[in-house]
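Everything on this sheet refers to the single structure shown next.
The values are calculated or read from the model by the stated rules, or taken from the named source; none is laboratory data. Because the structure is a prediction, the values reported are computed rather than measured. Here the Cβ positions follow ideal geometry from the backbone for every residue, glycine too, while neighbour counts run over all protein chains shown.
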Amino acid sequence: MTTTSTLIKQRSLLGLKELSKEEITSILDRAAYWEASSNKLNPVLHEKFVANMFFENSTRTRFSFEVAEKRLGAQVLNFSAAVSSVQKGESIYDTVRTLESMGIDAGIIRLKPNGVLAELSEKIKVPLINAGDGNNEHPTQGLLDLYTMRKQFGELKGLTVTIIGDVLHSRVARSNLYALQKFGANVQFCSPDNLRAPELNAPYVTMEEALRSDVVMMLRVQLERHEGGMMGPAEAYREQFGLTEERAATIVPHAIIMHPAPINRGVEIDDAVIESPQSRIFPQMENGVPIRMAVIERALA
Ligand code: CP
């Protein structure tokens with residue numbers, strides 16, 4: 001491997017599984033620096049071009065990357081599959097290669113299929129940042145989740161974090177699991193039998209046990225990835241695995257409630273819980289900006 005390709009790999013962010021605890025800490029610390037900055041604009045990347053390439057829908061990730069890029073002064077190109085030549089049958093590789101040919105310095109990329117990002121990263125010669133690939137990883141979501149927990153509790157070691165819901169289809173669950181275990185957090189899952197991911201190294205607990213956690217992390221039921229009505233009736237799911245108002249009232253006083261969003265209101269979480277005092281759902285979104293500033297800066301500065 002040449003020095004250049006090693007550098008590109010080091011600056012890319014494909015997942016948290018392969019990232020060391022020290023590298024994660026360094027990104028969290030840098031995010032804290034950007035969060036504390038009193039300047040909205042810090043144009044340290046004003047000569048850099050960044051392409052946001054979303055081949056799957058997004059609101060939070062896409063716009064927080066764009067805000068982060070603009071706050072760092074980068075030149076931003078927004079690619080949207082729905083209005084691109086993808087509609088004429090152009091491949092993901094040809095699309096990314098096209099933007100690379102035009103001189104982008106880094107690419108933010110969200111993809112539906114698993115495995116494509118890893119292949120792209122072998123061929124594309126600019127740093128790539130994973131904005132969510134299939135059910136594999138969503139590293140910047142994992143980072144902003146760790147950042148939110150660290151802000152709340154000071155440290156991650158010893159925290160009990162229960163991730164509840166559609167673990168099978170969740171890249172958020174995977175990125176959180178990989179990263180939190182590096183810091184000595186106790187990660188556990190709670191999920192219906194048919195939405196479990198047995199290959200992941202964490203125990204499953206009951207809903208009653210889940211409610212005794214320091215962090216109660218709800219997952220979106222990803223209906224668009226389900227085959228043949230995997231969830232069953234929404235009301236039955238809510239009764240068994242939803243964070244209802246009644247259940248939320250029983251969590252420990254110091255606990256926080258998280259959800260990556262978008263949210264199926266009234267299915268995995270009740271309306272009244274979403275902005276309750278123990279919820280950190282909107283602060284998670286707020287924390288996404290400094291985290292993504294740190295990640296883009298790491299790729300380009
Ligand atoms: N949490 C998250 O990835 O949200 P979006 O799909 O809206 O980006």
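Within region 159-171, being surrounded by fewer than 24 Cβ atoms within 10 Å (Cβ to Cβ) and either in a helix (DSSP H, G or I) or within 16 Å of the ligand (Cβ to nearest atom) (or both) holds for His169, Arg171.
Taken over region 67-81, the criterion of being surrounded by fewer than 21 Cβ atoms within 10 Å (Cβ to Cβ), away from the ligand (no atom under 13 Å from the Cβ) and modelled with pLDDT of 95 or more is satisfied by Lys70, Gly73, Gln75, Val76, Leu77, Asn78. Among (1) buried (at least 20 other Cβ atoms within 10 Å of the Cβ); (2) free of Cβ contacts under 8 Å to residues at least 24 places away in the same chain, which single condition is Ala249 missing? The single condition Ala249 does not satisfy is (1). In this structure, Glu208 does not satisfy being under 16 Å from Asp166 (Cβ atoms) and part of a helix (DSSP H, G or I). In region 36-73, of all residues being of a type in the set (Lys, Arg) and not in a loop (DSSP other than H, G, I, E, B), the one that is farthest from Lys112 (Cα to Cα) corresponds to Arg71.
Scan region 56-66 and give yes if some residue there is away from the ligand (no atom under 16 Å from the Cβ) and either touching a helix residue (DSSP H, G or I) at 6+ places or on another chain (Cβ under 9 Å) or of a type in the set (S, T, N, Q) (or both), otherwise no. Step through it out loud before you land on a result.
Of region 56-66, the ones away from the ligand (no atom under 16 Å from the Cβ) are none.
Looking through region 56-66, none of the residues is away from the ligand (no atom under 16 Å from the Cβ) and either touching a helix residue (DSSP H, G or I) at 6+ places or on another chain (Cβ under 9 Å) or of a type in the set (S, T, N, Q) (or both).
Selection over region 122-158 of residues that are more than 23 Å from Arg30 (Cβ to Cβ) and in a helix (DSSP H, G or I) gives a count of 2.
Which ones in region 94-116 are part of a helix (DSSP H, G or I) and without any contact (Cβ under 8 Å) to a residue 40 or more places away in the chain? Break it down stepwise before answering.
Pass one, region 94-116, residues part of a helix (DSSP H, G or I): 94-101, 116.
Result: Asp94, Arg97, Thr98, Glu100, Ser101, Val116.
Could you tell me which residue of region 237-269 is nearest to the chain's Cα centre (by Cα), considering only residues that are hydrophobic (A, V, I, L, M, F, W, C) and under 18 Å from Val167 (Cβ atoms)?
Step one: filter region 237-269 for residues hydrophobic (A, V, I, L, M, F, W, C), giving 241, 243, 248-249, 251-252, 255-258, 261, 263, 267, 269.
If we keep only those that are under 18 Å from Val167 (Cβ atoms) as well, we get 241, 243, 257-258, 261, 263, 267, 269.
On the way: Phe241: 22, Leu243: 21, Ile257: 16, Met258: 12, Ala261: 10, Ile263: 14, Val267: 21, Ile269: 19 Å.
Checked region 237-269; the qualifying residue nearest to the chain's Cα centre (by Cα) is Ala261.
Conditions (1) within 14 Å of the ligand (Cβ to nearest atom); (2) under 25 Å from Thr61 (Cβ atoms); (3) modelled with pLDDT under 95, marked per residue:
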{"position": "Met218", "(1), (2), (3)": "yes, yes, no"}
{"position": "Ala236", "(1), (2), (3)": "no, no, yes"}
{"position": "Val273", "(1), (2), (3)": "no, yes, no"}
{"position": "Pro277", "(1), (2), (3)": "no, no, no"}
{"position": "Val289", "(1), (2), (3)": "yes, yes, no"}
{"position": "Met293", "(1), (2), (3)": "no, yes, no"}
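Phe153 fulfils the conditions (1) under 27 Å from Gly242 (Cβ atoms); (2) within 16 Å of the ligand (Cβ to nearest atom) except for a single criterion, (2). The residues in region 270-301 that are under 19 Å from the mean Cα position of the chain (by Cα) and either in a strand (DSSP E or B) or more than 21 Å from His138 (Cβ to Cβ) (or both) can be counted, and the count is 1. Residue count for region 257-287 under the criterion of being buried (at least 23 other Cβ atoms within 10 Å of the Cβ) and either over 29 Å from Glu209 (Cα atoms) or of a type in the set (Val, Ile, Thr) (or both): the result is 2. Screening Ile251 against (1) in a loop (DSSP other than H, G, I, E, B); (2) closer than 26 Å to Glu56 by Cβ leaves a single unmet condition, (2). Taking the conditions exactly as written (part of a loop (DSSP other than H, G, I, E, B), loosely packed, with under 15 Cβ neighbours inside 10 Å, in the same structural domain as Met293 (by the TED database) and free of Cβ contacts under 8 Å to residues at least 40 places away in the same chain), does Glu119 satisfy them or not? Judged against the criteria, Glu119 is not a match. Apart from one condition, Asn176 fits all of (1) more than 16 Å from the ligand (Cβ to nearest atom); (2) crowded, with 24+ Cβ neighbours inside 10 Å; the exception is (1).
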